[in-house]
Amino acid sequence: MTDHLEIDNLYIGFDLSTQQLKLSVIDDNYKLFFEETVHFDKELSHYGTRNGVVLKGETVTCPTLLWVESLDKLLEKLKTIKFPFHKVRVISGAAQQHGSIYWSHNALSLLSSLDSSRPLVHQLTNAFSILQSPTWQDSSTSEQCSELEKLIGGAEVLVNLTGSKAYERFTGNQISKICKTDPTAFSQTSRISLVSSFLASLFLGHYAPIDISDGSGMNLLNIHTKRWEDKLLDICSDGAGSELKEKLGEPEIDGIKILGNVNEYFVKRYGFNKDCKIIPFTGDNPATIISLSVKPGDVIISLGTSDTVLLYTCKPLATLDSHTLCHPFIPNSYLSMLCRKNGSLTREYIRDIYAKDEDNELWNTFNNILNTTKPMKSKIGFYFLLQEIIPFAKGIFRFDNNKLVEEFEDNPNYNVRAIIESQFLSMKLRINKLLRNDKEKIERLIVVGGASNNDEILKILADVFGTKVWKSQIEGKGGISASMGSAIKARLALLKQEIKSINYYEIEENYSLVANPNLNNTKIYEDMVENYQEMEKLVIE
């Protein structure tokens, strides 16, 4: 921990993710002061989670009290090292999107009368009507998804209203399942929170609102009006829409609004300043965007176990392939998101087959193949080891001159280039759809994630898009993370309170240029897009 004697103010950002609770602390200049984590499986093993969840077939949950106890444990770690709680001015946070918490009718009373001599977990055992919270990995609501799309008038109607078609993990469908399978639990629920607003509620000592950005991932929020859509509420509650609206509370449209002061419990037990402010907590993806100081025209491409594209826009650009989320605090702005399951693991699978090397330098051989081959319009491959989301397909498919073939017989190693080309052409195709009615254009590509360290892969990315590629220099500890983005949001909230205005874009950037496009190759890829789309139709299930 940095010496805190010369630091006047601190800002905390939490991230309650799938496998851990993380805290990042920054100062007035957005510099990292301290970080700490609690790992669920390792440090709270008595809950029996594996990778942070409990699996029962398609049902994936997490014990709600595990999340409560993780906060106890994290704050106790800070207390042990004499963390300067009294210097914290604002607390914000983020959490895994789509998870939901169901508060009992006892909850408000329990939250407002906490005893500072006892841990939270011992006082909130009766605060929840459902003890196992559904998480984003849950896929047990297919029936509810089909019914929602049918009753609202189709997937496109739902997309245009909420920014996404029906997804099993989305909270509206989880609520619908509970209403049908456990109506008693629904009636015993006083409030429904997302994981983010649940964590904020603990600090406030009363229910925190769901912020509109995290609320955009529920199939319940109208992304145009920023309010719950009554017809969707009715569908997801078996006609009890007004009751569900009351259980959800009004969504908060101002992501840096002061919701109140920290609960007295935290003042007495840990030494927080009684004037420490709490603002709305948001989802992990929006918070990560904040940590990158993203501007209109920026496209974030995360190349990890799964590949994710995040696009900042000034109006909703919903498609059946994407998610559209309201921006967490900039009015009339949106984030479009594309998710692909087949990312690094699939790239590694192709590497292991076609980049064999006696010296076991597989990535060197892989990159040498990329560097010594050229794009060929005649060869297109699709590589879906896992059931893919976009497009909905599974398997490996190769096309040579538009004919499905078992292998590129003249050069099997072309699979190395084909998988990278295919992944980026898929992104380009769908980003083009998002921009089809928008005057905005891609100004720069910003890459993060493990594969962003591979220069040869980034060269192909630049070529496919015909755009320069940039990489953040703050990845890693204290860098790109939801907790860091949350801490930045906390700092901005105090600025707005003190000077009545903020300029998010003045936050110092730290990017380096990592790839320039070869425009001759770009022309080849532009000619490939239409044919790629036609071949893709043949592999969709």
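The values are calculated or read from the model by the stated rules, or taken from the named source; none is laboratory data. Quick caveat: nothing in here was measured; it's all calculated off a predicted structure. Every residue, glycine as well, gets a Cβ built from its backbone with ideal geometry; the counts of neighbours run over all protein chains shown.
Starting from residues that are touching a Leu at 6+ places or on another chain (Cβ under 9 Å) and surrounded by fewer than 18 Cβ atoms within 10 Å (Cβ to Cβ), keep the ones in the range 349-369 and report whichever is farthest from L458 (Cα to Cα). Looking at residues that are touching a Leu at 6+ places or on another chain (Cβ under 9 Å) and surrounded by fewer than 18 Cβ atoms within 10 Å (Cβ to Cβ), I get K356.
The requirement of being touching a residue at least 24 places away in the same chain (Cβ under 8 Å), in a strand (DSSP E or B) and buried (at least 20 other Cβ atoms within 10 Å of the Cβ) is satisfied by S302.
Here are T125, T49, T162: which of them is polar (S, T, N, Q) and within 21 Å of M218 (Cβ to Cβ)? First the steps, then the outcome.
Values: T125 fails: within 21 Å of M218 (Cβ to Cβ); T49 fails: within 21 Å of M218 (Cβ to Cβ).
Only one candidate qualifies: T162.
Only one of the numbered conditions (1) out of contact with any Asp or Glu (no Cβ under 7 Å at 6 or more places or on another chain); (2) surrounded by fewer than 23 Cβ atoms within 10 Å (Cβ to Cβ); (3) farther than 25 Å from G217 by Cα; (4) not hydroxyl-bearing (S, T, Y) is not met by V90, and that is (2). With respect to the conditions (1) surrounded by fewer than 24 Cβ atoms within 10 Å (Cβ to Cβ); (2) within 30 Å of F266 (Cα to Cα); (3) not polar (S, T, N, Q), P183 lacks only one, and its number is (2).
When you scan the range 474-493, do you find a residue that is modelled with pLDDT of 95 or more and either touching a Cys at 6+ places or on another chain (Cβ under 8 Å) or outside any helix (DSSP H, G or I) (or both), even just one? Checked against the condition, which is being modelled with pLDDT of 95 or more and either touching a Cys at 6+ places or on another chain (Cβ under 8 Å) or outside any helix (DSSP H, G or I) (or both), the range 474-493 yields no hits at all.
Counting only strands (runs of 3 or more DSSP E) wholly contained in the range 1-101, the ones carrying 1 or more residues that are under 22 Å from I488 (Cβ atoms) and of a type in the set (D, E, K, R) occupy 10-16, 20-26, 32-39, 88-95. Condition check for A155 on (1) at pLDDT 95 or above; (2) touching a strand residue (DSSP E or B) at 6+ places or on another chain (Cβ under 9 Å); (3) surrounded by 14 or more Cβ atoms within 10 Å (Cβ to Cβ); (4) not basic (K, R): one failure, at (2).
Of the helices (runs of 4 or more DSSP H) contained entirely in the range 338-439, those carrying at least 1 residues that are small (G, A, S) fall at 344-354, 414-434.
So that you can scan it fast, the table gives a plain yes or no per residue for (1) without any contact (Cβ under 8 Å) to a residue 60 or more places away in the chain; (2) touching a helix residue (DSSP H, G or I) at 6+ places or on another chain (Cβ under 9 Å); (3) not small (G, A, S):
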| site | (1), (2), (3) |
| --- | --- |
| S24 | no, yes, no |
| E36 | yes, yes, yes |
| V54 | no, yes, yes |
| V68 | no, yes, yes |
| A94 | no, yes, no |
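Residue pairs whose Cβ atoms lie under 7 Å apart, separated by 6 or more positions or on different chains, with the first residue in the range 387-413 and over 16 Å from M376 (Cβ atoms) and not assigned by TED's automatic domain parsing to the domain that holds K374 and the second aromatic (F, W, Y) and surrounded by fewer than 17 Cβ atoms within 10 Å (Cβ to Cβ), do not occur.
Checking L199, L148 one by one, the residue that is of a type in the set (A, V, I, L, M, F, W, C), more than 30 Å from L320 (Cα to Cα) and in a helix (DSSP H, G or I) is L199 and no other.
Based on this model, can you work out whether D234 counts as outside any loop (DSSP other than H, G, I, E, B), surrounded by fewer than 21 Cβ atoms within 10 Å (Cβ to Cβ) and assigned by TED's automatic domain parsing to the domain that holds S113? In short, yes.
For every residue, the table says whether it meets (1) crowded, with 24+ Cβ neighbours inside 10 Å; (2) touching a residue at least 40 places away in the same chain (Cβ under 8 Å).
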site	(1), (2)
I7	no, yes
Y11	yes, yes
D28	no, yes
L32	no, yes
E43	no, no
T49	no, no
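Restricting attention to the range 151-179, the residues that are basic (K, R) and assigned to a loop (DSSP other than H, G, I, E, B) add up to 2. Just one residue in the set S201, S196 is hydroxyl-bearing (S, T, Y), under 18 Å from the mean Cα position of the chain (by Cα) and within 19 Å of S70 (Cα to Cα); that residue is S196.
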